[in-house]
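The values are calculated or read from the model by the stated rules, or taken from the named source; none is laboratory data. This structure is a prediction, so every number in the text was calculated from the model and none was measured. Cβ: placed from backbone, ideal geometry, glycine included. Neighbour counts: every protein chain shown. Surface areas here come from the heavy atoms of the whole protein model, side chains and all, with no ligands, DNA or RNA. Shrake-Rupley method; radii C 1.70, N 1.55, O 1.52, S 1.80 Å.
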Amino acid sequence: MNYARSIEFFERARQVVAGGVNSNVRAASHPVPLFYREGRGARLFDVDGNEYIDYCLGQGPLLLGHSHPRVLDAVRQQLERGQLYAGQHELEILVAEKLRQHIPCAELVRFSSSGSEAVHIALRVARAFTGRTKIVKFEGHYHGWLDNILVSVNPETLDRQPVRESRGQPESVLEDVIVLPWNDATQLHETLAAFAQQIAAVIMEPVMCNTGCIPPEPGYLETARELCTRYGIVLIFDEIITGFRLGLGGAQAFFGVTPDLAVFGKALGSGFPISCLAGKRALMEGIANFSVVHAGTYNANPVSLAAAWATLEELEQNGETHYRTLFTLGEKLMRGIAEIAERQGRSVTVQGLGPMFHVAFTRRSRIRDAREYRDVDVAEYAAFAYRLQERGIRVIPRGIWYLSTAHTEEDIARTLERVAAALPTVPRCGGGRSR
Ligand SMILES: Cc1ncc(COP(=O)(O)O)c(C=O)c1O
């Protein structure tokens, strides 16, 4: 592949944009963070004219693929009528009504613009409701980049104590966070019983998608639900990734466990900035009576809501086909990658649910939590991601693959051919360490 223009653009970008990228995670690409000029369906085109089958999909939001006509039409129509009113408009009601119809915990909702903001208001609501301050989160789970929750995400730096992920985060944030291993019902039980009077909320990704793609152990979500109810603790599902990807009702409908609060983003807006806090009426009452502050210039902006409306309409009307495609093709791809790796004698584990899954170089046949994830060879995967990019397949360099409804059987077959060609060129870095 020729990346000459991307390299040139990146040199220019570095002169004016800090680090040359506008989100730290984008820096991980080789030979430089690429510049793109067009996305269509499951395809992405860079400024050098290279074409990719895209499994990054905007880091998840493009559930319907790039430039879905229904979404773009709705946005175009809205743009003709203005982009921001700082006032009420009907789409707020229409989208909220749809969310209430599909999402079990969504008795009331509030819109924001990013997942991090939605998490922020969820934690504030939980603290206001309970009058307590501590939050329980889990190792490896990511809930956005804001100070009070960016704790103990990176498996490599996990410690027995909560760990800040960024310079500049005040040490004081750690006072209010309790970090536990995920999928360990016993530890959760012991901690909630011991500190019940101080804990406002338990927050989790109901499928841990930010460190591997790790589903909950059977019964784990139910146990968390039962314990939170017993101790008067607010259960928050961070559905920024699972929302709409596992079904219109998110992970909570998929697994049949209803949290008190949930946050949605990414796929809700098909790439337009929107997020949402959805929750039980009693909890949302703090916002409803305005004693809990939630504000934002861009909250519920009509352009993003038009995109959300069109996305939900599409999923409602063609959901059966779409979710069948996402699960069937995703599982086919997962199986195919695992079979190729096995044939080639590579230690690769593929796990997840289909619409999103994770590929890891490791000797472990299964990864169950962030500590086990430390046996994943991330350098080997990054090399694999680059070899795939060289063959026209775009994946996120840290292992997660997203499917869209625009991917076809042919895309999957082509992808598997390229996986088979790329894998032998990936240097063996050790296939995962054993601890
Ligand atoms: C589970 C989860 N929660 C929250 C966020 C933060 O969302 P945003 O990047 O829109 O602020 C992310 C982003 O990747 C996420 O994966």
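So how do 335, 346, 70 rank on accessible area, 1.4 Å probe, biggest first, that is with the largest at the start?
Result, largest first: 335, 70, 346.
How big is the antiparallel share of DSSP beta bridges in the chain, given as a percent to the nearest 5?
Approximately 65 percent, going by the DSSP bridge assignments.
For the stretch 69-314, what log10 I(q)/I(0) values come out of the Debye formula at q = 0.08, 0.10, 0.14 1/Å, with one point per alpha carbon and no solvent?
The Cα Debye sum returns log10 ratios of -0.29, -0.46, -0.89.
Treating only the Cβ of Lys, Arg, Asp and Glu as charged (+1, +1, -1, -1), what charge dipole size does the stretch 165-321 show about its Cα centre? Round to the nearest 20 debye.
Result for the stretch 165-321 is approximately 260 debye, rounded to the nearest 20.
Along each of its three principal axes, how wide is the spread of alpha-carbon positions in the stretch 20-126, in whole angstrom units, largest first?
So the extents along the principal axes, rounded to whole Å, are 46, 35, 28.
Given 0.36 nm per residue, what is the gain on full extension from residue 107 to residue 364 after removing their alpha carbon distance, in nm?
Separation in residues times 0.36 nm, less the Cα-Cα distance, equals 88.4 nm.
How high is the relative contact order of the chain, given as a whole-number percent (alpha carbon pairs under 8 Å, six or more residues apart)?
Normalised by residue count, the contact order of the chain is 20 percent.
Not counting ligands, DNA or RNA, and with a 1.4 Å probe, what is residue 182's accessible surface area in Å² rounded to the nearest 10?
Using a 1.4 Å probe on the heavy atoms, I get roughly 0 Å².
Between residue 147 and residue 253, what is the label-point separation in nm under the 7 Å Cα-to-beta-carbon projection?
Spacing of the two 7 Å Cα→Cβ label points: 3.8 nm.
Tell me the Kirkwood radius of the chain: reciprocal of the mean inverse pair distance over distinct alpha-carbon atoms, in Å.
Evaluated on the chain, it is 22.4 Å.
Given 20 °C and 1.002 mPa s, how large is the Stokes-Einstein diffusion coefficient of the stretch 65-202 in µm²/s, with Rh as the Kirkwood radius over Cα pairs?
The calculation lands on 119 µm²/s.
Given 0.36 nm per residue, what is the gain on full extension from residue 189 to residue 157 after removing their alpha carbon distance, in nm?
This chain segment gains 9.0 nm when fully extended.
Once label points are set 7 Å from the Cα along Cα→Cβ at both residue 413 and residue 93, what is their separation, rounded to one decimal in nm?
It works out to 5.0 nm between the two label points.
Mind checking the full-extension length gain between residue 328 and residue 429? Use 0.36 nm per residue of separation minus the Cα-Cα distance, one decimal, nm.
33.2 nm is the gain from fully extending residue 328 to residue 429.
How would you rank 296-307, 116-127, 185-196, highest first, on the average number of other Cβ atoms within 10 Å across their residues?
Those peptides, ordered most packed to least, come out 116-127, 296-307, 185-196.
Put +1 on the Cβ of each Lys and Arg and -1 on the Cβ of each Asp and Glu in the chain; which of 403, 423, 296 then has its Cα farthest toward the positive end of the dipole?
Looking along the dipole axis, the top candidate is 423.
Quick check on my link table: of 134/280; 98/280; 98/137; 266/332; 137/280, which ones sit more than 27 Å apart, alpha carbon to alpha carbon?
98/137
Could the peptides 164-174, 277-287 be put in order, highest first, of the mean number of other beta-carbon atoms found within 10 Å of their residues?
Sorting 164-174, 277-287 by mean packing, highest first, produces 277-287, 164-174.
Can you tell me the FRET efficiency between residue 317 and residue 342 if r is taken as the Cβ-Cβ distance and R0 is 35 Å, rounded to the nearest 0.05?
Between residue 317 and residue 342 the formula returns 0.30.
Evaluate E = 1/(1 + (r/R0)^6) for residue 86 and residue 38, where r is the Cβ-Cβ distance and R0 equals 25 Å; express this FRET efficiency to the nearest 0.05.
My answer for the efficiency is 0.15.
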